[in-house]
Amino acid sequence: MKQRTVLITGATGGIGQAIASRFAKEGYRIVIHYNKNLSAADQLKEALNDQTDVYVVGGDLTNLSELDGVVSFLSDHKLTVDVLINNAGIKSDAPVDDMGDDVFASVLRTNVEGPWYLTKRLVPAMKKQGYGRIINITSGVAKEGRANQSNYAASKAALDNLTKSLARELGADGITVNSVAPGLIETNMTKDVSDEHKQAYIERVPIKRLVKAKDVAQACVFFASEDSGAISGQILGVNGGLR
């Protein structure tokens, strides 16, 4: 079997690093994408270099010029992305009457427009080879919403429906599209969640613990595998049985 290439956006965060590490163990060629934290990207590359070939590329995926720079980097290094993991995302919570218009728009741009722009540019090569796996990292709040997270919940709901729509559109080309929707995880994005809220969450979850980043990574490996070719348009909740 040929060595596959996986591109992980936002790979310097907790989930992104876990995904990169898991795919390296599976023998994938890794492309680490970062936006601002080059140091963390280089450290991750150093940690994985002894397992597989690792590339690092930076860019703001909401800036079309920088996004096209990411695509050019892939072309320059003769890399065809077999597995795209749209993991990069941001969260900026506030009540609706306090949330700035720019804050609402920035979350939608990063969480929806970025994945769509990148997917659009990588799909032609996937079609040409008749193979591709697109995995979008969404959230359980996309299904039920959450107070003070109207921008974040809306963005993840949009990404889930992008998943379903593209799955219908691209299936005949050998490309599957799925979402992984984690529950509450200990990462930088959730560092402001109070201990009381975390404990209340744990008490509601059947497995009685928070989800770990490695749990999300394992779900991504499953969707990326050649054996999952008949599974597409699905939203897999990695939440310990909560939903």
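The values are calculated or read from the model by the stated rules, or taken from the named source; none is laboratory data. The model shown is predicted, which means the values in this text are computed figures rather than measured ones. Cβ placement follows ideal geometry from the backbone for every residue including glycine, while neighbour counts extend to all protein chains displayed. Accessible surface is based on the protein model in full, side chains and every heavy atom, while ligands, DNA and RNA are left aside. Shrake-Rupley method; radii C 1.70, N 1.55, O 1.52, S 1.80 Å.
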Return one number: the angle in degrees, 0 to 90 and rounded to the nearest 10, between the long axis of the Cα atoms of helix 38-48 and the longest principal axis of the Cα atoms of the chain. 60 degrees
Over 25 Å (Cα to Cα) - which of LYS78/LYS164; LYS91/LYS143; LYS2/LYS78; LYS91/LYS128; LYS78/LYS127; LYS143/LYS214 fall in this group: LYS78/LYS164; LYS91/LYS128
In the stretch 100-118, whose amide N lies under 20 Å from the spot 7 Å out along Cα-to-Cβ of ASP93? List them in ranges. 100-112
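Of the accessible area of the stretch 4-47, with the probe set at 1.4 angstrom, what percent is carbon plus sulfur?
Carbon and sulfur atoms account for 41 percent of the accessible area of the stretch 4-47.
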Helix 64-76 vs. the chain, principal-axis angle (Cα, 0 to 90°, nearest 10): 40 degrees
On a 0 to 90° scale, report how tilted helix 114-129 is relative to the longest principal axis of the chain, with both axes built from alpha carbons and the result rounded to the nearest 10. 30 degrees
Restricting to DSSP H runs of at least four residues, report the calculated mean residue ellipticity at 222 nm for the chain, -39500 (n - 2.57) per run over all residues, nearest 500 deg cm²/dmol. -13500 deg cm²/dmol
With every protein chain in place, what's the accessible area of LEU64 (1.4 Å probe, Å², nearest 10)? 70 Å²
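For the stretch 28-95, state which trypsin sites (Lys or Arg not before Pro) are in a DSSP loop and have at most 14 other beta carbons lying within 10 Å of their beta carbon. Before the final figure, lay out each step's value.
Working: sites: ARG29, LYS36, LYS45, LYS78, LYS91; in loops: LYS36, LYS78, LYS91.
In loop regions of the stretch 28-95 (DSSP not H, G, I, E or B), the sparsely surrounded trypsin sites (Lys or Arg not before Pro) are LYS36, LYS78.
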Suppose every Lys and Arg Cβ carries +1 and every Asp and Glu Cβ carries -1, with no other charges. What dipole size does the chain come out with about its Cα centre, to the nearest 20 debye? 760 debye
Efficiency of FRET between LEU38 and ASN63 - r from beta-carbon atoms, R0 22 angstrom, step 0.05: 0.85
Please work out the C-alpha center-to-center distance from the stretch 135-154 to the stretch 12-68 and express it in whole Å. 25 Å
Rounded to the nearest 10 Å², what accessible area does TYR34 have for a 1.4 Å probe in the complete protein model? 40 Å²
Just the number please: accessible area per residue for the stretch 65-157, 1.4 Å probe, all protein chains included, in Å². 46 Å²
Under 5 Å between amide hydrogens, which residues at least 5 positions from LEU236 or on another chain qualify, with H placed 1.01 Å from N in the peptide plane? SER179, VAL180, ALA181
